[in-house]
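Undergrad: Take a look at the following structure, please.
What follows is calculated from the coordinates using simple rules that are stated; it is not laboratory data. Being a predicted model, the structure only gives us computed values, none of them experimental. Neighbour counts run over all protein chains shown; Cβ positions are idealised from the backbone, glycine included.
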There are 2 protein chains.
Amino acid sequence: MEKKAAKSSARAPRRTRGLSRELIIQTAIEILDGGGEKALTLRALTERLSTGYGAIYHHVADKGDLLATATDSVITGVVSGPGADADPRAALRRLALGLFDAVDAHPWIGTELSRQPWRPVLLDFYERIGRLLEALDVPQEARFDAAGTLVNYVLGVAAQNAAHARLRAGSTTDRETFLANAATQWAQLAPRRYPIVHAAASQLGEHDDRAQFLVGVDIFLAGISALHRQTSPEVLE
Amino acid sequence: MEKKAAKSSARAPRRTRGLSRELIIQTAIEILDGGGEKALTLRALTERLSTGYGAIYHHVADKGDLLATATDSVITGVVSGPGADADPRAALRRLALGLFDAVDAHPWIGTELSRQPWRPVLLDFYERIGRLLEALDVPQEARFDAAGTLVNYVLGVAAQNAAHARLRAGSTTDRETFLANAATQWAQLAPRRYPIVHAAASQLGEHDDRAQFLVGVDIFLAGISALHRQTSPEVLE
DNA sequence: ACCTGAACACCGTTCAAGT
DNA sequence: ACCTGAACACCGTTCAAGT
């Protein structure tokens, strides 16, 4: 209640009258990065831009539009990222990792991508994956399903990362103690009923989300090659 | 708006005074199944149960607790589903498919599972997957990552299904016309820029979510065998 | 054309008061 | 112990009124 009075005298908004859709979206991204999805309210946005609601709704349809466009803005940089690798496998890993890192830097896009998985930006993503699968000689009929599988996996990880970020933002505990808590909690599970999870608890300490994500990508890549190999009957063992 | 007046006279609530946590959660599930996540408001719940807010908050911590417990209630039936198959692969497919079908029947759990992927019910899920991977001779070190990969994939699909259901609930168009619209939209994309997606448009008509999901599971299973077969990882970067 | 901000129609949640 | 429902503190969104 008292925080807005202080800022109006402290640093006057230089922007004289130039409100634009681009400025609104960039400001929304700043708020989202700073305080998470919960922090982006129309009220916070009007204060930050020192304007009224109508001004925002004049450039943006509604909050959904705002969230979607902000996500597009972040993702675009990833999809149109570095050029083609020599090895399609390496390119696929790089592409997936680019999205992973983007979600890691802006966890809120994980939620948004899961909410609207048919956005045009993801079409670009599909397209690039499809081409790389083509380069890997995945037959045309299987390409669509294979690309979808990989996208679903990436989006699943993205949503989980967003959930973890949300959880960590809620409590004051940092990442290390959070993992430690989970580990002790898992270790306390009945070993008879949860032998696997119980055994995994010890690994949780040195757990690396990014590395695990890459392992998953490699599993799918290996599976896709196997799938493609099946078309011509060829026994391997 | 007019539907609540009819029912109060049609069938009087037999429950004289027996409000319980279980009844609240089951009623919440009914509302969620009937009208989606948007339909579950505390107000709707009090009306349906013909009670006050305090009564509900006496049995349930908050709305998050309600949503989480409702999801648990639905998932529990899936995880403790049919017994062990002879073939671990078949068992894994069955387990994954069980979750897929549960999300298909109750799309709102897809959102909730993505929001809270560390729920105890998912630990049971992890445990069963881990044991089946063990049966498939996946080495102990790789088991944790492999199980995580599969869960992430399944959750990714779950979130997407929930998103699609939400989209379909919003508009009046049914599934067929929705797919047809998407197909024509994809077909209109510039073939030069989107050759893969453009080509995939024709396949969209006969698209089967459930079948595609299973293809993904099979890709994963094939990848697991390949992973397990190669003891030394390949060099990259 | 672009902006302002009071007002509206909702939320989830609380809490003094009842039985 | 269990329930009631007015009231509170928020939301996103609208819209008559200003420039």
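Undergrad: Which distances, shortest first and in nm, link A:LEU42 to the matching position in the other copies, using label points set 7 Å out along Cα to C-beta?
TA: Between copies, matching label points for A:LEU42 lie 2.2 nm apart.
Undergrad: Quick check on the exposure proxy: order B:VAL74, A:VAL103 from fewest to most C-beta atoms within 10 angstrom.
TA: Values: B:VAL74 21, A:VAL103 28.
The order, fewest Cβ neighbours first, is B:VAL74, A:VAL103.
Undergrad: Distance from the Cα centre of segment B:27-48 to that of segment A:19-46, in angstrom?
TA: That distance is 31 Å.
Undergrad: Hey, what angle do you get for helix B:209-229 against the long axis of chain B, alpha-carbon based, 0 to 90 degrees rounded to 10?
TA: Computed tilt is about 40 degrees.
Undergrad: Taking a label point 7 Å from Cα toward Cβ, how far is B:ALA90 from its twins in the other copies, in nm, shortest first?
TA: 4.4
Undergrad: Which of the three applies to segment A:112-237, rounded, prolate or oblate, going by the alpha-carbon gyration tensor with a ≥ b ≥ c and a/c under 1.5 meaning rounded? Don't skip to the answer; put the middle values down first.
TA: On the way: a/c = 3.30, a/b = 1.57, b/c = 2.10.
Verdict is oblate for segment A:112-237.
Undergrad: So, one more: Grab the DSSP H runs of chain A that are 4 residues or longer, score each as -39,500 (n - 2.57), total them, divide by all residues and round the 222 nm result to the nearest 500 deg cm²/dmol.
TA: So the helix-based figure for chain A works out to -23000 deg cm²/dmol.
Undergrad: So how far, in whole Å, is the C-alpha centre of segment B:127-163 from the one of segment A:188-219?
TA: Each part's Cα centre sits 11 Å from the other's.
Undergrad: What is the distance, in nm, between label points placed 7 Å from the Cα along the Cα-to-Cβ direction at A:GLN140 and at B:LEU189?
TA: Taking the two extended label points, one gets 1.6 nm.
Undergrad: With everything on Cα atoms, drop me the angle between helix A:63-79 and the longest principal axis of chain A, reported from 0 to 90° to the nearest 10.
TA: Result, in degrees: 50.
Undergrad: About the Cα centre of the protein assembly as shown, what is the dipole size in debye to 20, counting +1 per Lys and Arg Cβ and -1 per Asp and Glu Cβ, all else neutral? Could the numbers behind the result be given before it?
TA: Numbers: 54 positive and 56 negative charges, 476 e Å.
Rounded to the nearest 20 debye, it is 2280 debye.
Undergrad: If each residue of separation counts as 0.36 nm, what is the full-extension length gain between A:TRP118 and A:GLU206 once their alpha-carbon separation is subtracted?
TA: That works out to 28.1 nm of additional length.
Undergrad: Shape of chain B from its Cα gyration tensor (a ≥ b ≥ c, root eigenvalues): rounded if a/c is under 1.5, otherwise prolate when a/b > b/c, or oblate?
TA: Taking the square roots of the gyration eigenvalues as a ≥ b ≥ c, chain B is oblate.
Undergrad: Fewest to most neighbouring Cβ within 10 Å: what's the order for B:PHE100, A:PHE220?
TA: B:PHE100, A:PHE220
Undergrad: Cα gyration tensor of segment A:131-181, axes a ≥ b ≥ c as square roots of the eigenvalues: rounded (a/c below 1.5), prolate (a/b > b/c) or oblate?
TA: prolate
Undergrad: Turning to a different aspect of this structure: For A:THR177 and A:ALA105, calculate 0.36 nm times their separation in residues minus their Cα-Cα distance, and state this gained length in nm to one decimal.
TA: Extra length from A:THR177 to A:ALA105 when fully extended: 23.9 nm.
Undergrad: Specify which residue in the list B:GLN185, B:ALA61, A:GLN140 is farthest towards the positive end of the charge dipole of the protein assembly as shown, using unit charges on the beta carbon of Lys, Arg (+1) and Asp, Glu (-1), about the Cα centre.
TA: The one lying farthest along the dipole's positive direction is B:ALA61.
Undergrad: Placing the label point 7 Å from Cα along the Cα-to-Cβ direction, what are the distances from A:GLY205 to the equivalent spots in the other copies, shortest first, in nm to one decimal?
TA: A:GLY205 label point versus its equivalents elsewhere: 6.0 nm.
Undergrad: A further question follows. Most exposed first by the Cβ proxy, i.e. fewest other Cβ within 10 Å, how do A:TYR53, A:TYR153, A:TYR126 rank?
TA: Fewest to most other Cβ atoms nearby, the residues stand as A:TYR53, A:TYR126, A:TYR153.
Undergrad: In segment B:121-195, with Lys and Arg counted as +1 and Asp and Glu as -1 at Cβ, which of these residues, B:GLY156, B:THR173, B:TYR126, has the Cα nearest the positive end of the dipole, that is, farthest along it?
TA: With unit charges placed on the Cβ atoms, the residue in question is B:THR173.
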